[in-house]
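Just so you know, all these numbers are worked out from the coordinates, no wet-lab data involved. Worth saying up front: this structure is predicted, and the values here are computed from it rather than measured. All Cβ positions, even for glycine, are placed from backbone atoms using ideal geometry, and neighbour counts span all protein chains on display.
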């Protein structure tokens, strides 16, 4: 086998590997979306947690983001909790909207303080600090 044939064969093999990996990731992404949708469909109307956790799973896999954002908004409408408020802040950070993220992180800290006067907000303070340092 000459060098040119080897290069062609190698390129074809690499293309096959990339295509196979892409198809595997697509299946995982589809499964994540399907499971999240199923969980939301089976949740009770006042189940803020299932909406938020389903949104979080989609955000982590970077799939079904538009619908996941709506689920998170619905979760917050049902009940403002440190979990869903912080997740909304994280969503805004991921989408490069630090001012909106800051708003939700402050709401998270206020929610923690309102519901548990001694609640630990240090991890939220660190997130706020990163925003302020990026902007400053």
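Efficiency by 1/(1 + (r/R0)^6): what FRET value for residue 133 and residue 60, r their Cβ-Cβ distance, R0 = 30 Å, to the nearest 0.05? The formula returns an efficiency of 0.75 here.
Here the residues 69, 75, 44, ranked from fewest to most Cβ neighbours within 10 Å of their Cβ, fall in the order 44, 69, 75. Shape class of segment 41-89 from the alpha-carbon gyration tensor: oblate, with a/c at 1.5 or above and b/c at least as large as a/b.
Take each peptide in 104-112, 118-126, count the other Cβ atoms within 10 Å of every residue, and average; sorted highest first, the result is 104-112, 118-126. Note on 132, 76: ascending count of other Cβ atoms within 10 Å places them as 132, 76, the fewest first.
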